Amino acid sequence: MTIPGFIREQPEALDRCLAVALAFVGRWNPGSLRNIVLVGSGSSFNALTIARPHFVAAGRGAVVVCEPGDFPAELPLLDQRTLVVVLSQSGASTTSIAAARAAVEAGLGVLAITASGEATLARLGGPALIMAVGEEPVGPKTKGFVGSMATLFVVAEALRGSCVPAMRGSDLAPLIEPAREMAEALVPSLAGVDQIIVAGRRANYGVALEASLKIAEMAGIPSSAFPTEELLHGRLHGMTERSVAFVIAEGEAEVAQARLAGAAMERRGCRLVTIDPARMSWPTSRALPASPWNALGLVLPFQWLAVLLAEARGLRPAAMRHGNLSRELDIKTAAQ
């Protein structure tokens, strides 16, 4: 199946992942926690970044998102009331496996989340939540990312007490094709683009990270993501008249700030587009839920944009410009 097929499968994958996650948290006892460390790389890091505010809202202490390779430096500062959540969609990320193993050996509470029950990450001895994503044998993950977000939201809400998913497959399904149409309308104006920047705050910074990753992976276009404040402090000077920046802005203050920046860049011949989730045109009477659940819908136009930009450039989205670098970079296990 192609990536467009995986994108269209996301409502069904979402429902499967929610069912598995809800069943898991119903029997999971995380104990008394003081701190939470969220560990992952690539798309998993992006999903963890989106979910972090939800974990903060659980009131279980400080919450940190950490790259697996940096985790050993954090380990001496953690005690046994720390929960370490390690997410790897493939379960084959070598540094994520090493981080989880180090946390287990240190006696910390560890929750491994992966889409493969056969993966090393799932067999380290601690609790493992196996996401029911289904087959997705491509590098750029789409339905695996949506499944990861939903799973993390359920875990975070369970730590707070109970979970009632704010978005299910029946809510996501009507958004799939309109999201494609949104992306399709943008493609002609990006024919000569030299870089794409995506920015957002808090959970939306995670959406920005994932958007820029998918554009780079599938379309081979230089892309980057920043927290909105970081974008405004110097990063805009790297834009040219062929660049575009998308700023995801929620609430009046954020929207006003993004529009101010857009006007300033327009005077300089550059393009900065404000994306306000509350004003996105969806063919449904129900608006997107509050953050972070709205990320399940927000990511869709960017997934399609990556696919369509790749196709417009004569590329196959699943192939990626430089092929399978993972083996050469030694960032995945031999099984992957």
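Derivation of every value follows stated rules applied to the coordinates shown; laboratory data play no part. Only a predicted model underlies this, so the values are computations on that prediction, with no experimental measurement involved. Positions of Cβ are backbone-derived with ideal geometry, glycine not excepted, and every protein chain shown enters the neighbour counts.
Once a ≥ b ≥ c are taken as the square roots of the eigenvalues of the Cα gyration tensor of the chain, is the result rounded (a/c under 1.5), prolate (a/b larger than b/c) or oblate (a/b not larger than b/c)?
prolate
Please state the relative contact order of the chain as a whole percent: Cα pairs under 8 Å, 6+ residues apart?
Relative CO of the chain lands at 21 percent.
Could you check which residue among Pro11, Pro137, Pro292 shows the biggest mean-square fluctuation in a GNM of the chain with a 10 Å Cα cutoff?
Pro137
Where in region 168-268 are there GluC sites (Glu not before Pro) that are in a DSSP coil and have at most 13 other Cβ atoms within 10 angstrom of their Cβ?
Filter output for region 168-268: Glu241.
Cα centroid distance between region 143-213 and region 9-64, in Å?
Result: 16 Å between the Cα centres.
Which residues does the label zone of Ser281 cover in region 160-190, counting backbone N under 14 Å from a point 7 Å along Cα→Cβ?
Output list for this probe position: 178-186.
Please build a GNM for the chain, connecting alpha carbons under 10 Å apart, and tell me which residue among Met280, Met182, Met131 fluctuates the most.
In this elastic network of the chain, the residue with the biggest mean-square fluctuation among Met280, Met182, Met131 is Met280.
Report the longest stretch of the chain that contains none of the trypsin sites (Lys or Arg not before Pro) sitting in a DSSP loop with at most 10 other Cβ atoms within 10 Å.
After excluding every exposed loop site, the longest remaining stretch is 1-266.
Using the Cα gyration tensor of region 55-175, with a ≥ b ≥ c the square roots of its eigenvalues, what is the shape: rounded (a/c below 1.5), prolate (a/b larger than b/c) or oblate (neither)?
Verdict is oblate for region 55-175.
Run the quick spin-label model on Ala264 and Ala57: label points 7 Å from Cα toward the beta carbon, then report their separation in nm to one decimal.
3.1
How large is the dipole of the chain about the Cα centre if only Lys and Arg carry +1 and Asp and Glu carry -1, each at its Cβ, rounded to the nearest 20 debye?
Dipole size: approximately 200 debye.
Using the Cα centre as the reference, give the magnitude of the dipole from point charges on the C-beta atoms of region 36-148 (Lys, Arg: +1; Asp, Glu: -1; all else neutral), rounded to the nearest 20 debye.
220
Expressed in nm to one decimal, what extension gain is obtained for the pair Arg34 and Val187 from 0.36 nm per residue of sequence separation less their Cα-Cα distance?
Between Arg34 and Val187, full extension yields an extra 50.4 nm.
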